Amino acid sequence: MIREVKTEEELLEIFNAKISDGIKIEPKDWMPEDYRKHLQRQMSQHAHSEIIGMQPEGNWILRAPTLRAKVILLAKVQDEAGHGLYLYSASETLGKSRDEYIHELQTGKAKYSSIFNYPTLSWADIGAVGWLVDGAAIVNQVSLQRTSYGPYSRAMVRICKEESFHQRQGYEIMARLAQGTPEQKEMAQDALNRFWWPSLMMFGPHDADSPRSGNAMKWKIKLESNDELRQSFIDKTVQQAEVIGLTIPDPDLKWNEERGHYDFGEINWDEFWNVVKGNGPCNKQRIDHHTKAHEEGAWVREAANAYAKKNN
Amino acid sequence: MDTQGEIWEVFIQSKPGLAHKHVGNVHAMGKEMALQNARDLYTRRKEGTCIWVVKHQDIVSSVPDDDGSFFEPSNDKIYRAATYYEIPEGAKHI
């Protein structure tokens, strides 16, 4: 068997041809360093978001109003842990270990979705998180099922299968509260008021202000732009709010017949960047809690490793 | 340096009669833990009837990109495909 050594130029040509033909890139394939770096950053950020996202919801497990609500929320939070693990597994195929990814999260080098830096103040917030935050995540993740990196795409397919339960359980909570007493309806409206704008921010800056988007689109890591995905989420969600009698907190929200989409007001980008930079209501608490749990679990990992060694 | 355990690749048979299919991996210390973690992570919704876990480092893989010649032998044996053969007009069930 003759092994031919290809130049970097030839390898790049093969890579680009695969991308344009829609052939997935797999871990052992040659890929440009920037493509690898972009995926490491995006996929680990996605994984971290699933893991940190357990905290605002976990906050209500012990205070869930009924046993039914409690088992549902427990199952949902367990799914989020699972989604984080699918994504760490996929991220590790890029040649960086889970330890390294976790270290980057805890030292602030890696980010996670800003939405999880907002507190869950009432039971209705659990409804809003499922309906809006998972709803926004689904729009993004459905699109990412077609991403060019094989392991990422497969993780997204798996996650999307499980995610619609998450959104529906949240919407059910909101619908029930909205049909309840005036106080309960007010609670639901208040949760919608607080989570609406941060949910829209989940899609990231406007396309014009999103420096990394160009490469991500060129490499088909992302198939739709931030603004396209955001619009798609808004178009879906407005009707859902109307059905349960809640009001989206945006005076500029209006159906635009010509565009076939809703027009909406400007997002407060100062708030977005402020939270990204670490100054949101819960940034410090989230990372402190993660680090504490990680450190307190160290002895369990040590013991398990010692046991495995002894039995080998 | 902390350790997250070894990586174990997970294969699941979704129902009797089907082949086991790769679904992803788990970290675990030892094979029992690998099997339990795989169950918790990949079969929360009755996705399987049987799970295999295999240490990642024990898997030997071909290298796709710089070794296209690895699969070369199959290219020049087109007579292995059924469509290669000429069948007389009118012959049925073949």
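Where a number appears in this text, it was derived from the coordinates with a stated rule and is not lab data. Everything numeric in this text was worked out from a predicted model, so none of it was measured. Methodologically, a virtual Cβ is constructed for each residue, glycine included, from the backbone with ideal geometry; neighbour enumeration extends over all protein chains shown.
Descriptive notes on the structure:
- Chain A shape via C-alpha gyration tensor axes, a/c threshold 1.5: oblate
- D by Stokes-Einstein for chain B, Kirkwood Rh over Cα pairs, 25 °C, 0.890 mPa s: 143 µm²/s.
- 21 Å Cα-Cα threshold exceeded, pairs from A:K309/B:K55; A:K28/A:K309; A:K76/B:K55; A:K109/A:K284; A:K28/B:K15: A:K28/A:K309; A:K76/B:K55; A:K28/B:K15
- In order along the range A:40-45, the phi-based Karplus estimate (6.51 cos²θ - 1.76 cosθ + 1.60, θ = phi - 60°) of 3J(HN,Hα) comes to 4, 5, 5, 6, 6, 4 Hz; Gly and Pro are listed as x.
- Charge dipole (the range B:6-80, unit charges on Cβ, about Cα centre) - positive-most of B:V54, B:S74, B:Y42: B:Y42
- Flagged links, alpha-carbon separation over 25 Å, of A:K96/A:K310; A:K24/A:K222; A:K18/A:K236; A:K24/A:K96; A:K292/B:K46: A:K96/A:K310; A:K18/A:K236; A:K292/B:K46
- The angle separating the long axis of helix B:31-42 from the principal Cα axis of greatest extent in chain B is about 70 degrees.
- Dipole magnitude for chain A: about 1200 debye, using +1 per Lys or Arg Cβ and -1 per Asp or Glu Cβ, origin at the Cα centre.
- The dipole here belongs to chain B: it is taken about the Cα centre, uses +1 on the Cβ of Lys and Arg and -1 on the Cβ of Asp and Glu, and is about 760 debye.
- Taking the inverse of the mean 1/r over every pair of distinct Cα atoms in the range A:144-280 gives a Kirkwood hydrodynamic radius of 17.1 Å.
- Straight-distance candidates among the aspartates and glutamates for linking to A:K37, with alpha-carbon spacing under 16 Å and chain neighbours fewer than 8 residues away dropped: A:E26, A:D29, A:E92, A:E100, A:E104.
- Working note: Karplus 6.51/-1.76/1.60 with θ = phi - 60° gives the range A:107-112 the couplings 9, x, 6, 9, 9, 9 Hz, where Gly and Pro are set to x.
- Furthest towards positive pole of dipole, A:A128, A:N274, A:G22, structure part the protein assembly as shown, Cβ charges: A:A128
- Rounded to the nearest 20, the size of the Cβ-charge dipole of the range A:251-312 about its Cα centre is 740 debye, with Lys and Arg at +1 and Asp and Glu at -1.
- Loop-resident sites, the range A:208-292, for GluC sites (Glu not before Pro), counting at most 13 other Cβ within 10 Å (DSSP): A:E257, A:E258, A:E266
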